[in-house]
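The values are calculated or read from the model by the stated rules, or taken from the named source; none is laboratory data. The shown structure was predicted, so the numbers you read here are calculated from the model rather than taken from an experiment. Glycine gets a Cβ as well: all are built from the backbone with ideal geometry, and neighbour counts include every protein chain shown.
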Amino acid sequence: MNLNSKYFDRIRIRPEAGETATTEAPRCEWPGCQSAGGYRAPKGRHREGEYHNYCLDHVREYNKSYNYFAGMPDDDVVAYQRSASTGHRPTWSMGVGKNGGAKPNRPQDWSEGFVDPFGFFGTSGAKAGDETAKPRRALGNFARRSFEALDLEGHESATEIKARYKELVKRLHPDANGGDRSLEDRLREIIQAYHYLKSAGLC
C-alpha cells in the first residue's frame, strides 16, 4: 500500500505541518461590507451562470428583493411559465405536425393490407378494415376456464354471455329435468363461471 499516493492527498482532513489551508472566502460585494462573502446570489436574467458573493446577512437581504421577471412584460412572463411546464422544449397539439399543419392520414398510406397476427392494433390477425373480425380479449386462466364452462370462445359480448348463461341454467336445472339431480355439479360450475366473469367485468 502506497501511503504517498495522490488519492490519500485528496482525502486528507488536516493539512500537514508546513502546509497552509487556502480556504479564504472572497470579500462580500455589498457596498460598505467588510465580511467574507461565502454565499452566492444570481445576478439575474440574461446573466445566467453569474453570481454575486455576499455574506449571510446580505445574501438574505438580496434574496428578499430578487425578482427574475423584473421589467419583463406580463405576456412574456406567462409565456415563460407555460414553456417551463414542458422544460422549455417544443410541443404541438395531438394530430398536428411540427409546422402546425395536419398530419397526413397514415392509415390510408400504410395499413392497406396490413396484417396484425398478434392483435396489437386491434385487428386480431385480420386485415385492417375487415369489420367481421371480432377483437380478441387477453384472458387469464380463470377467465378462460369460465368461458369454456359456458361453451364460449372468449370474445363474446356481455349480452351473448348472459343469453348463453340463461340458456344453460334453464336446460340443466332440476325443475326442467323432472327432478333429476345428476347435472347439479355441471349447473354449479356454470353458475360459478358466470359469477366470476361478472365480477371480473367481462359481462
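Here are a few things to note about the model shown:
- Taking each residue of region 30-42 that is under 23 Å from residue 67 (Cα atoms) and looking for partners that are surrounded by 15 or more Cβ atoms within 10 Å (Cβ to Cβ) and β-branched (Val, Ile, Thr) with beta-carbon atoms closer than 7 Å, six or more apart or interchain, yields 39/59; 41/59.
- Selection status of residue 153, at pLDDT 80 or above and among the acidic types (Asp, Glu): yes
- Residues of region 151-170 that turn out to be without any contact (Cβ under 8 Å) to a residue 40 or more places away in the chain, assigned to a helix (DSSP H, G or I) and either under 45 Å from the mean Cα position of the chain (by Cα) or surrounded by 13 or more Cβ atoms within 10 Å (Cβ to Cβ) (or both), as a count: 9
- If the condition is being under 21 Å from residue 47 (Cα atoms) and over 19 Å from the mean Cα position of the chain (by Cα), then region 85-96 contributes only 88.
Matching residues to (1) modelled with pLDDT under 80; (2) over 20 Å from residue 200 (Cα atoms):
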residue: 112; (1), (2): yes, yes
residue: 120; (1), (2): yes, yes
residue: 136; (1), (2): yes, no
residue: 147; (1), (2): no, no
residue: 157; (1), (2): no, no
residue: 162; (1), (2): no, no
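- Hits in region 171-194 - residues which are part of a helix (DSSP H, G or I) and of a type in the set (Ser, Thr, Tyr): 194
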